[in-house]
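These notes are about the structure you will find just below.
No value in this document is a laboratory result; all are computed from the given coordinates. All of these numbers come straight from a predicted model, not from anything done at the bench. Neighbour counts run over all protein chains shown; Cβ positions are idealised from the backbone, glycine included.
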Amino acid sequence: MDSGAIAWVLVSSALVLFMTPGLALFYGGMTRSKNVLNMLNMNLYCMAVIPVLWVVLGYTLAFGGSGDGGWIGNLDFVGLKDVFPDPTGETIVFSVFQLTFAVITPALISGAVADRLKFSAWAVFVPVWALLVYSPIAHWVFAGGWLADLGALDFAGGAVVHMNAGAAALAVILLLGKRHGWPNTPMPPHNLTMTMLGTGILFFGWFGFNAGSALAADGIAAVAFLNTFVAAAAGGLVWTAVEWFKDGHPTTLGVCSGIVAGLVAITPCAGFVGGLAPLAIGAGAGMLCFFAIQMKYRFGYDDSLDVVGVHLVGGLFGSLVLGLFADSAVNPLVVDEGLFLGGGVTLLIDQAIAAAATIGFAFVVTMLIAKAIDATIGLRVSESEEQQGLDLTLHAEAGYNLADHS
Amino acid sequence: MKQITAVIKPFKLDDVKTAMKGAGVQGMTVTEVKGFGRQGGHTEVYRGAEYQVDLVPKVRLDAVVDDGDVAAILEALIAAAATGEIGDGKVWVTDVQEITRIRTGEKGTDAV
């Protein structure tokens, strides 16, 4: 890495880290006011526990023995052994950048379990999940593991971050069950201004997420930056248009959701596609995810803040359409071009295999972890705690003391 | 003495307050309340899920007045609060048995 690359990836790491508090605001605004601090807390907990875990074990299980075509990293970097000394800083910069991804991925799951998960269960779930689910999948894709060997592409984490978190979220909520009263009792967002600010922070940080994943300050980073911008905008525009046409109103939550859906879908594609492909990818995600979030009512799973509908579906969509749009003129890492560029279906098939493996592994292992926690600590708060709100019952705080008579 | 209680549209509060003062009201208590009447509630939509909000925000005014002022105050209040649209609210009058000004101990009409 040249000094430009090191500078850009360090800045990108800070940008990506900023996405987690952004996500906290995005989700926090959508919860009811009695649970807002619990949501913020679940996100901040990831910022506190994952870095500690990463330097000890997480990084080595993900990136030890890179390029081995394997399933999980070795122990070369346990406790940062073999990372130091690193006078050029290349390994450190890479591990810091990857750490920020490891922070936000479990944080994404918090939106699905909102309003009813024990904080003690979350405190155990996050580190265990990071080691048993996140690190292996990161190894498969980002560290030259078996999916990378197969030829599957994932520029910035459509599979590793979004499909992974979405599939894990689905597994946890199937065990956790619905919130009392859902879907008959209204549970509207308590502060969409927070959600809007969170959306802006996510959008801002996503430039580091995607353009930083070039791991260089070069043309590919520039393409990824532009693609991220365009897909987010197209997602927001199309979601708004569809809901305006279908439900009669252009909503604030709608444009926020569409922007995030566009960002999710462009993530695997960011540095592999060019031209107007990001327009199609963002627009497609905006429309698809709008309909996907209605699935929970049909199938009866309580995905509180639509992690499955946006991250699993959006990530899957982006990963599959990369098999249509991947362009070797944009990035020489593209060996088999997409179907629309005359590359046939080879890449599309590889992408489908990678998606199935990621979703299957994340779902099954997460289910096992959640079952173990349910059998020991218990996943769910009591009904009375749920009714009173988790801020007061689990954290002894209130998000808003507006009628203070002191 | 009578107590006049009105539940009105929140944005009409300033007009109604001014009109009632003009008609001789000495003081009033204002409360933010929620409720429903014939207007019913309204619908909110979040990610395609429609929520019926049954309780609509309103402002409640309470004022205790002399019997002789009731008619004029009611007339002023109703004229100021009316928009002609559904949801303008209600006003009702109740008898007050006793009233005391806490600072001085004055009772009855002197305390109004």
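Here are some notes:
- Charge dipole (the protein assembly as shown, unit charges on Cβ, about Cα centre) - positive-most of A:Gly58, A:Leu322, B:Val53: B:Val53
- Backbone amide hydrogens, once placed in the peptide plane, bring B:Lys90 within less than 5 Å of B:Val7, excluding anything fewer than 5 places away on its chain.
- Cross-link reach list, lysines versus B:Lys90, counting only Cα pairs under 22 Å and skipping chain neighbours closer than eight places: B:Lys2, B:Lys9, B:Lys12, B:Lys17, B:Lys21, B:Lys34, B:Lys58
- For the peptide B:40-52, the mean number of other protein chain Cβ atoms found within 10 angstrom of a residue's Cβ is 6.
- Dipole of the stretch A:1-141 computed with +1 at Lys/Arg Cβ and -1 at Asp/Glu Cβ about the Cα centre; of A:Val83, A:Leu37, A:Ser13, farthest Cα towards the positive end is A:Leu37.
- Residue of A:Gln98, A:Gln387, A:Gln351 that the Gaussian network model of chain A assigns the largest fluctuation, springs spanning Cα pairs under 10 Å: A:Gln387
- The stretch B:1-18 versus the stretch A:1-55: alpha-carbon centroid distance in Å: 49
- Going by neighbour counts of Cβ atoms within 10 Å, the residues A:Phe290, A:Phe207 line up, fewest first, as A:Phe207, A:Phe290.
- Residue among A:Thr346, A:Thr88, A:Thr195 with the largest mean-square fluctuation in a Gaussian network model of chain A, springs linking Cα atoms under 10 Å: A:Thr88
- Lys pairs under 20 Å by Cα in chain A, provided they are eight or more residues apart or on distinct chains: 7
- Each residue of the stretch B:23-38 is assigned a 3J(HN,Hα), and the resulting list reads 8, x, 6, 8, x, 7, 10, 10, 10, 7, 10, 10, x, 9, x, 5 Hz, derived from the Karplus form 6.51 cos²θ - 1.76 cosθ + 1.60 (θ = phi - 60°), x at Gly and Pro.
- Cα-based shape type of the stretch A:248-392, given that a ≥ b ≥ c are square roots of the gyration tensor eigenvalues and the cut on a/c is 1.5: oblate
- Here the Kirkwood formula puts the hydrodynamic radius of the protein assembly as shown at 25.5 Å, using every distinct Cα pair.
- Charge dipole (debye, nearest 20) of the protein assembly as shown; +1 at Cβ of Lys and Arg, -1 at Cβ of Asp and Glu: 840
- Note on the stretch A:309-406: Cα-only Rg and Dmax are 23.2, 71 Å.
- Nearest-0.05 FRET efficiency for B:Val45 and B:Lys107, computed from C-beta distance (R0 56 Å): 0.55
- Couplings 3J(HN,Hα) for the stretch A:275-291, derived from phi with the Karplus relation 6.51 cos²θ - 1.76 cosθ + 1.60 (θ = phi - 60°), are x, 9, 3, x, 5, 5, 5, x, 5, x, 5, x, 6, 4, 5, 4, 7 Hz, where x marks Gly and Pro.
- Net charge of Cβ neighbours under 13 Å - reference A:Met42; Lys, Arg +1; Asp, Glu -1: 0
- Here the contact order of chain B, divided by its residue count and restricted to Cα pairs under 8 Å and six or more residues apart, works out to 42 percent.
- GNM on chain B, alpha-carbon springs under 10 angstrom: the most fluctuating residue among B:Arg38, B:Arg60, B:Arg47 is B:Arg47.
- In the stretch B:70-112, Rg over Rh equals 1.17, where Rg is the alpha-carbon radius of gyration and Rh the Kirkwood radius from pairwise Cα distances.
- Nearest 10 degrees, 0 to 90: helix B:13-22 Cα axis against chain B principal axis: 20
- Neighbours of A:Leu147, meaning other residues whose beta-carbon lies under 13 angstrom from its beta-carbon, give a summed charge of -4 when Lys and Arg score +1 and Asp and Glu score -1.
- Size of the stretch A:95-181: Rg and Dmax of its alpha carbons, in Å, are 14.1, 47.
- The mean number of Cβ atoms from other chains found within 10 Å of a Cβ in peptide A:246-254 is 3, as a whole number.
- Shape index of the stretch A:1-79: Rg/Rh, with Rg the Cα radius of gyration and Rh the Kirkwood radius from the inverse mean 1/r over Cα pairs, equals 1.12.
- Mean residue ellipticity, 222 nm, helices only, chain A: the sum of -39500 (n - 2.57) across DSSP H runs of n ≥ 4, divided by residue count and rounded to 500, is -20000 deg cm²/dmol.
- Mean shadow area of the stretch B:1-111, taken as a quarter of the surface of its Cα convex hull (nm²): 8.5
- In Hz, Karplus ³J(HN,Hα) per residue of the stretch A:373-387 (6.51, -1.76, 1.60; θ = phi - 60°; x = Gly, Pro): 5, 4, 6, 9, 7, x, 8, 10, 6, 6, 4, 5, 5, 5, 5
- Mean separation of Cα pairs under 8 Å and 6 or more residues apart, divided by the residue count, gives chain A a relative contact order of 23 percent.
- Rough spin-label spacing in nm, given labels placed 7 Å along Cα→Cβ, for A:Ala356 and B:Asp15: 6.8
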